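Worksheet for the structure shown next.
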Protein chains: 2
Amino acid sequence: MLRCMSLRIALLGLLTVSGPSSGYDLAKKFETSVAHVWQAGHSQIYPELAKMTADGLVAVGAEGARGRKIYSVTPDGEAELRRWLLDHSPSTTTRSETALQAFLVPLLEPGEAVAVLRRMKTSAQAHLAELEELRAMREAIADLAGRWGRFGAYALDLGIRQTRGVVEWADDSIADIERRSGTA
Amino acid sequence: MLRCMSLRIALLGLLTVSGPSSGYDLAKKFETSVAHVWQAGHSQIYPELAKMTADGLVAVGAEGARGRKIYSVTPDGEAELRRWLLDHSPSTTTRSETALQAFLVPLLEPGEAVAVLRRMKTSAQAHLAELEELRAMREAIADLAGRWGRFGAYALDLGIRQTRGVVEWADDSIADIERRSGTA
DNA sequence: GATTGACATGTCACTTCTTACATGTCACTT
DNA sequence: AAGTGACATGTAAGAAGTGACATGTCAATC
């Protein structure tokens, strides 16, 4: 019954920091920023912007070259975003394939389980490197990119900590399995 | 084009450790175990079990009292589960309302941002207490519940670490915002 | 002048997920 | 005998999300 707001909130936030932008621009910026915390493709973004326009949260200003529609956040949209951030307790329902593999891994033989955990560690390390590079780039251009301020910075920090946590967890779990299977 | 397997994998895993069970039993056990990593209700579980039966991954043995259908994992089902664990690299697409709030929080005034982060910390602490109690209970009955072995234990450990990470992150972020707004 | 490729916006079919509704069984109480 | 409540299995409508397809613009190259 209650509409899931996350996508529209993400778009409102992105549009707020970007200033007036086309759907195309938003979709591009989306995949290198907000997509790290809320995945969505252009086939979801375009219809959502249309609905948000109908609901008065954003408005189309000028229509630029090549049929670009330039969206801006309306006062209603700003209020909606603020309300969601201030009043909405985020739902905790999880759906993570990584966590599911972690859950099920004891069903395998110790050797196989260790192999799976090693793969998980490797991909977490790769992800970590990506995020750390992103943060390094952000810090390097911090003075130039004042426009964005700390937008996304705390989430990036959280992502880095969580991913480091996965690497450490994988190490400890591998050690645990080897200890248990060695003594068994 | 490629089917999302997570729900059927979760059910195969649960059915493997539970032994032959009814859909009802599976749904009950699901919500206190696998649901922590992959949320699903009975209205998704019953149809999925039917599809899995059609695909030969599980089979209905006896039909017990009150129309209970007792499912078991078939050799094909076991193979499917093993294959997914061994060969499938989990997709990394995230969709977390908490992380989205973390992302957008710099759009608020410092005071408001701190309030939001405090709320996030509180709910993370509550979640942490829940998970730690779950682990304490598991350890207490470890000898009796040999049936389940380490099933779910590594995921629980990961969840506890991640949730502790959120608490620490919230503390550090609050301190960061207060420092920045104090000197500004 | 034709082709290529980035720009730009959308739709469509399909799967997945959520909430609420619907139906019936059986044990135990009153 | 009737009622309550846990047991047990489903369906249905609609929202959300995915991947592929469709269409057209414009600038630069060949």
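The values are calculated or read from the model by the stated rules, or taken from the named source; none is laboratory data. As the structure is a prediction and not an experimental result, all values here were calculated from the model. Positions of Cβ are backbone-derived with ideal geometry, glycine not excepted, and every protein chain shown enters the neighbour counts. When the accessible area is computed, the model is the full protein with side chains, heavy atoms only, and any ligands, DNA or RNA have been set aside. Shrake-Rupley method; radii C 1.70, N 1.55, O 1.52, S 1.80 Å.
Numerical summary
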item	result
Nm distances between copies for A:ASP76, ranked from closest, using label points 7 Å along Cα→Cβ	5.2
Residues whose placed amide H lies under 5 Å from that of B:SER21, excluding near-sequence neighbours	B:TYR71
Probe 1.4 Å, all protein chains present, accessible-area order of A:GLU132, A:GLU178, B:GLU48, B:GLU63, largest first	B:GLU63, A:GLU178, A:GLU132, B:GLU48
Accessible surface buried upon A-B contact (total; probe 1.4 Å; Å², nearest 100)	6000 Å²
Tensor-based shape of the protein assembly as shown (alpha-carbon gyration tensor, a/c under 1.5 rounded, otherwise prolate or oblate)	prolate
Contact order normalised by residue count of chain A, Cα under 8 Å, 6+ apart, percent	21 percent
For the stretch A:6-87, the Rg and Dmax computed from alpha carbons only, in angstrom	11.8, 40
Teacher prompt: A:GLU168 distances to equivalent labels in other copies, 7 Å Cα→Cβ, nm	0.4
Accessible area per residue in Å² at 1.4 Å probe, computed on the stretch A:68-128	49 Å²
The stretch A:97-183 - percent of accessible surface contributed by carbon and sulfur, probe 1.4 Å	53 percent
DSSP loop trypsin sites (Lys or Arg not before Pro) with at most 10 other Cβ within 10 Å excluded, longest remaining stretch of chain A	A:4-146
Folded to 0 to 90 degrees: helix B:23-32 orientation relative to chain B principal axis, Cα	20 degrees
7 Å along Cα→Cβ, label-point gaps from B:THR93 to other copies, nm, shortest first	1.6
Interface residues, the stretch B:30-45 - accessible area loss of 50 Å² or more versus chain alone, probe 1.4 Å	B:VAL37, B:TRP38, B:GLN39
